[in-house]
Amino acid sequence: MPTREEKIAHVEAALRRRFFPFVQKVEKPGREGWNEDQHDKDRLSRSLAAYTLSMLAGLDDFAAANTITDGSNDSGIDAIHFSTNTNQLILVQSKYKITGTAPSQEENLKTMNGLRALQARRFNEFSETFRNRSDELELALDTPGVKIHLVLAFLGSIMGTHVTNDLEALKGDLNRISERMSWESAGLDVIYGWLLSEEEPSPVEIDVTLENWQSTPSPRITIYGQISVADLARLVEDHGTALFQSNIRHYLGSIGVNAAISRTALRNPEDFFYLNNGLTAVAQDIQQAGGNADRCVFHLTNVSIVNGAQTAGAVASASISGTISAEAKVLITIIKIGNDVDLGLKITKARNHQTAVRGVDFAALDPNQERIRRELAVAGITYHYRPSEAARVRSMNSLTLEDGALALACMCLPLLSTEEIRQLSIRRQSSHNAIEYVVTAKQSISRLWDQSGSHYKRLFGTAISGLSIFRMVRIFHFVDSILHGSEWSENSYHRRMFFRHGRYFVMAFVAKQAAEIINRPELTLSATEQIELSHLTNELSELIYATSVPLQSVKGYLSIFRNMTDSQPLADNVLERLNTAPTLTENNS
């Protein structure tokens, strides 16, 4: 799970991406001597106020940004909005302080005085921004039963006792006759929780028409029959990947058999039913409408196609190219699972084991992967933990499960000596040694994402955050590019093979020496960090190569870095040399 610093980094990234286009720098009295950093923090604070209102009032980002009132004579109210849906006049005070400090008693008293002035309609005490919205505010204050709701948004977790007491006293004073005022605090966990909730997939509800259908009432209600291929294509067009939320894969694109499925749908629609294995879907609930055995409509709640994503994607692709005949049908089985998530996973695994899949595909069933995806989505990063057509398109702001697994294997584990491993064994403590994982990556990389093995569980535990994974992937690619360049610049065969086959091994030592850089919560690498990593990578490469030279006469580097028998003793020797090379360790610790 993300640390407090990582949560703040996620919040900051989201605010910059979503609100900075609408929330510009503001010059006002008292800010003449402000530097750009102070203006930047001010924009973040105002953006936080806008985001708070977007969540509480259901506003889009642009509309929320227009609720900002922060400026001269704002009376401690940073954003305001009259929500006709909830009959609330919502006031926000936001404090974007990295320290997590809650609003002080003095700051809060200013806001409370502003609330009293607003309630008394003393608009002349406010800024021009407030006065320009006097019609909206008058309407709110004239609405019977309207409640003033004050929200204090900040990056901490605990409100001060004095602030809480003052707010409760104000609430008691205003609510003597009827409930007119309420308040709440929105600390870091609340704000971060909002961001995550926005990334949760929406459940899919659909109506499907089945022909020549049958059902089994027990032990699980199941219906099966023919669905029109054209109807299936429309469902995919309407709901996209949400329709495959419980599947191990999304549509992989028009490759291999998928292209053949598309051709059959368009050219030989009458044969489609006989040439296709069909689809399986699970639904929380199934409701039958009027109809008969020949044709009936069913309403499916929280439905997901768990087997047949390639068929569904291929026919959707075909429908873009041409018109699919009504003759094209495909068999579908729909199983009612209620709220039994475990049953849904069992069905998904069993139905997909009948076709050729890779171990990485089943990692998609790990709910921890969806948690990582949501965390990264908050920061504008796309995480592909299901194989898909989109996953094959690489960009600076995306990564795959395989990217993450390899970077974690090289950079998230302690680098232990043989003696340290022995001591842990004596104490009956498990040892997850970086050398073991980089050897596995070189020997059989698919073991890193095999859910039945110990490597996957260690790499993708609940403690790891999405931001940490993304930063390690960034560092992995940066270091890998340096080592790749070294390989191609070498004329010596042995040195080329060292840089080709020893990259993961070198990275484990880079991670050990650059732990401080790796563990920072920022999404991007600064120029200074890149320089430090570059120097460290080159120095460690030369140290490891020099240590490995005696092995050249016995084995090739591919063999050395693919087995623990050679790699662990080499690691021991490098660790020993590092302990006697203070310049290297001190400069890069």
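The values are calculated or read from the model by the stated rules, or taken from the named source; none is laboratory data. Everything numeric here is computed off the predicted structure, so don't read it as measured data. Ideal geometry is used to build each Cβ from the backbone, glycine not excepted, and the neighbour counts take in all protein chains shown.
Out of curiosity, is ASP566 of a type in the set (Asp, Glu), surrounded by 14 or more Cβ atoms within 10 Å (Cβ to Cβ), touching a residue at least 40 places away in the same chain (Cβ under 8 Å) and closer than 15 Å to VAL439 by Cα? Judged against the criteria, ASP566 is not a match.
Can you tell me which residue is surrounded by the fewest Cβ atoms within 10 Å (Cβ to Cβ) among those in segment 283-292 that are among the small types (Gly, Ala, Ser) and over 17 Å from PRO203 (Cα atoms)?
Restricting attention to segment 283-292, the residues satisfying the condition of being among the small types (Gly, Ala, Ser) are 283, 289-291.
Still in the running and over 17 Å from PRO203 (Cα atoms): 289-291.
Numbers: ALA289: 10, GLY290: 6, GLY291: 14.
Among them, the one singled out is GLY290.
With respect to LEU48, is the statement that it is under 24 Å from the mean Cα position of the chain (by Cα) and closer than 21 Å to ASN132 by Cβ true? Lay out the reasoning, then the answer.
Values: under 24 Å from the mean Cα position of the chain (by Cα): yes; closer than 21 Å to ASN132 by Cβ: no.
No.
Residue pairs whose Cβ atoms lie under 9 Å apart, separated by 6 or more positions or on different chains, with the first residue in segment 138-165 and without any contact (Cβ under 8 Å) to a residue 24 or more places away in the chain and the second assigned to a helix (DSSP H, G or I), are GLU138/PHE123. Being more than 20 Å from SER178 (Cβ to Cβ), touching a Gly at 6+ places or on another chain (Cβ under 7 Å), loosely packed, with under 14 Cβ neighbours inside 10 Å and assigned by TED's automatic domain parsing to the domain that holds ILE68 is the requirement here; does SER157 meet it? The answer is yes for SER157.
Got a sec? Which of VAL163, VAL204, VAL151 is buried (at least 16 other Cβ atoms within 10 Å of the Cβ) and either of a type in the set (Asp, Glu) or touching a Pro at 6+ places or on another chain (Cβ under 7 Å) (or both)? Break it down stepwise before answering.
Working: VAL204 fails: either of a type in the set (Asp, Glu) or touching a Pro at 6+ places or on another chain (Cβ under 7 Å) (or both); VAL151 fails: either of a type in the set (Asp, Glu) or touching a Pro at 6+ places or on another chain (Cβ under 7 Å) (or both).
Criteria check complete, one pass: VAL163.
Of the candidates LEU467, LEU416, LEU459, the single residue that is under 25 Å from SER559 (Cα atoms), modelled with pLDDT under 95 and within 29 Å of the chain's Cα centre (by Cα) is LEU459.
Checked against the criteria, ASN85 counts as more than 18 Å from SER185 (Cβ to Cβ), assigned to a loop (DSSP other than H, G, I, E, B), polar (S, T, N, Q) and free of Cβ contacts under 8 Å to residues at least 40 places away in the same chain.
Could you check segment 426-451 and list, in sequence order, the residues that are touching a Gly at 6+ places or on another chain (Cβ under 8 Å) and either at pLDDT 95 or above or part of a loop (DSSP other than H, G, I, E, B) (or both)? Spell out the reasoning first.
Step one: filter segment 426-451 for residues touching a Gly at 6+ places or on another chain (Cβ under 8 Å), giving 446-447, 449-451.
The answer is ASP450, GLN451.
When segment 293-311 is filtered for residues that are modelled with pLDDT of 90 or more and either of a type in the set (A, V, I, L, M, F, W, C) or surrounded by fewer than 14 Cβ atoms within 10 Å (Cβ to Cβ) (or both), the ones remaining, listed by number, are ASP294, ARG295, CYS296, VAL297, PHE298, LEU300, VAL303.
Looking only at residues in segment 516-551 that are within 26 Å of the chain's Cα centre (by Cα) and free of Cβ contacts under 8 Å to residues at least 40 places away in the same chain, the one that is surrounded by the fewest Cβ atoms within 10 Å (Cβ to Cβ) is ALA527.
Here segment 373-387 is the region considered, the condition is being assigned to a loop (DSSP other than H, G, I, E, B) and crowded, with 21+ Cβ neighbours inside 10 Å, and the residue that is modelled with the highest pLDDT is ILE381.
Per-residue answers, yes or no, for (1) surrounded by fewer than 14 Cβ atoms within 10 Å (Cβ to Cβ); (2) at pLDDT below 90; (3) not hydrophobic (A, V, I, L, M, F, W, C):
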position: PRO29; (1), (2), (3): yes, yes, yes
position: GLU36; (1), (2), (3): yes, yes, yes
position: ASP40; (1), (2), (3): no, no, yes
position: ALA49; (1), (2), (3): no, no, no
position: LEU53; (1), (2), (3): no, no, no
position: LEU59; (1), (2), (3): no, no, no
position: THR67; (1), (2), (3): no, no, yes
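In a residue-by-residue description of segment 391-405, the property of being loosely packed, with under 14 Cβ neighbours inside 10 Å and assigned to a helix (DSSP H, G or I) applies to at least one position. Evaluate the following for SER157: is it polar (S, T, N, Q) and closer than 21 Å to TYR96 by Cβ? Yes: the conditions hold for SER157.
Could you check segment 147-174 and list, in sequence order, the residues that are assigned to a loop (DSSP other than H, G, I, E, B) and out of contact with any strand residue (DSSP E or B) (no Cβ under 6 Å at 6 or more places or on another chain)?
Of all residues in segment 147-174, those assigned to a loop (DSSP other than H, G, I, E, B) come to 155-160.
Within segment 147-174, LEU155, GLY156, SER157, ILE158, GLY160 meet the criteria.
Okay, residues lined up against (1) in contact with a Leu (Cβ under 9 Å, 6 or more places away or on another chain); (2) surrounded by 16 or more Cβ atoms within 10 Å (Cβ to Cβ); (3) of a type outside the set (Phe, Trp, Tyr); (4) at pLDDT below 90:
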residue	(1), (2), (3), (4)
LEU91	yes, yes, yes, no
ILE98	yes, no, yes, yes
ALA102	yes, yes, yes, yes
MET112	yes, yes, yes, no
ARG122	no, no, yes, yes
SER127	no, yes, yes, yes
ARG133	no, yes, yes, yes
LEU137	yes, yes, yes, yes
THR143	yes, no, yes, yes
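Selection within segment 137-146: residues that are of a type outside the set (Asp, Glu) and assigned to a helix (DSSP H, G or I). The member of this set that is farthest from GLU184 (Cα to Cα) is LEU139.
ILE320 falls short on exactly one of the conditions (1) part of a strand (DSSP E or B); (2) surrounded by fewer than 14 Cβ atoms within 10 Å (Cβ to Cβ); (3) within 37 Å of the chain's Cα centre (by Cα), and that condition is (1). Here segment 190-211 is the region considered, the condition is being farther than 13 Å from ALA379 by Cα and acidic (Asp, Glu), and the residue that is modelled with the lowest pLDDT is GLU200.
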